Amino acid sequence: MKSRLFYCLALGLLLSAPLHASITLVGSPQIASDNATTGNTTFSGVTVMAGDYVVVATASNKSFAQNQLTYSWSGTEGSSGVSTSLSVEQSFASYLSYTSVITAGTYDFNVLAANSTLTASSALYILRSGAGETITVANTASQASASASAANLSYLFGSNLTSAMAIEAATTRFGGAFTLDSNYITPNSTAASSGRLLSYSTGVTGSTWSSSNPFTTTPSDIAAIGAVFTTTASLTPEPSRTLLLAAGLVAMILRHRRP
């Protein structure tokens, strides 16, 4: 009787164990500025695994009309692959591009500028999910205001997130230094002190999320863009979980049939 109870409890734990693991930021974000000659920004030799997301955030000192940036990356999927690009502008523009990696390898990721006089700050992030999971975009947000006192972004999710990650970029023409939201980290404090903010948070939870990054000279124009990334369970169950469940069921059946 005790053995049967043990098997039942073990199966219950297997079935009730969470199917989701936290989304992981691989290493530290890489930061880069535009090339003084070409205006382009390049992240070279980025090594990724299949299923990873590569996210590039850029805050610039130009509008779309002056210099709309485009993204490309080398590799077997081609220059566009399965990438999505978001952007927003006021006097200046902010950009966010994310790419789902199909084939593991080492690639170059580029922010291409038409105007060599661009001044921009960029950060590259590698996101990775747990076994049996897929990274998805929970929501995106943008802000464009000619008269504001902070970069404010708000997200609404279709379900209650237990763990997710937000990546954002913001730029302001006359606002000077940003004061970073307490839930966020900036990989480039120098850029944040000069009106171009790159930031991220690994602690996103709940059905809603928001950020607020005040700047010093107000009111001023602001262009901010962001996205929240999370994980969902893949349709194919994890092999380890399946094997354990099958083993538990077989053990229960055999014990039940034993005279």
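The values are calculated or read from the model by the stated rules, or taken from the named source; none is laboratory data. Remember, it's a predicted structure, so these values are computed and weren't measured experimentally. Because the Cβ atoms are built from the backbone with ideal geometry, glycine has one as well, and the counts that use them run over all protein chains shown. Ligands, DNA and RNA are excluded from the accessible area calculation, which covers all protein heavy atoms including side chains. Shrake-Rupley method; radii C 1.70, N 1.55, O 1.52, S 1.80 Å.
Brief remarks follow.
- One way to sum up the overall shape of the stretch 93-219 is the equivalent ellipsoid from its Cα gyration tensor, whose semi-axes run 26, 21, 12 Å, largest first.
- Förster radius 25 Å - calculated FRET efficiency between Ser85 and Ser163 (Cβ-Cβ, nearest 0.05): 0.45
- Computed from backbone phi with θ = phi - 60° and the Karplus coefficients 6.51, -1.76 and 1.60, the 3J(HN,Hα) list for the stretch 210-221 is 8, 9, 9, 10, x, 10, 6, 9, 10, x, 8, 6 Hz; x is used for glycine and proline.
- Once backbone amide H atoms are built at 1.01 Å from N, Asn40 has Asn35, Ala113 as its partners under 5 Å, excluding neighbours fewer than 5 places away on the same chain.
- Calculated FRET efficiency for the pair Asn35/Ala65, C-beta based, R₀ 25 Å, to 0.05: 0.70
- The convex hull of the Cα atoms of the stretch 175-232, projected and averaged over all directions, covers 4.5 nm².
- Dividing the convex hull volume of the alpha carbon atoms of the stretch 39-109 by its residue count gives 75 Å³ per residue.
- Rounded accessible area per residue of the stretch 130-240, 1.4 Å, Å²: 41 Å²
- Judged by the ratio a/c of the largest to the smallest principal axis of the C-alpha gyration tensor, the stretch 84-125 counts as prolate, that ratio being 1.5 or greater while a/b is larger than b/c.
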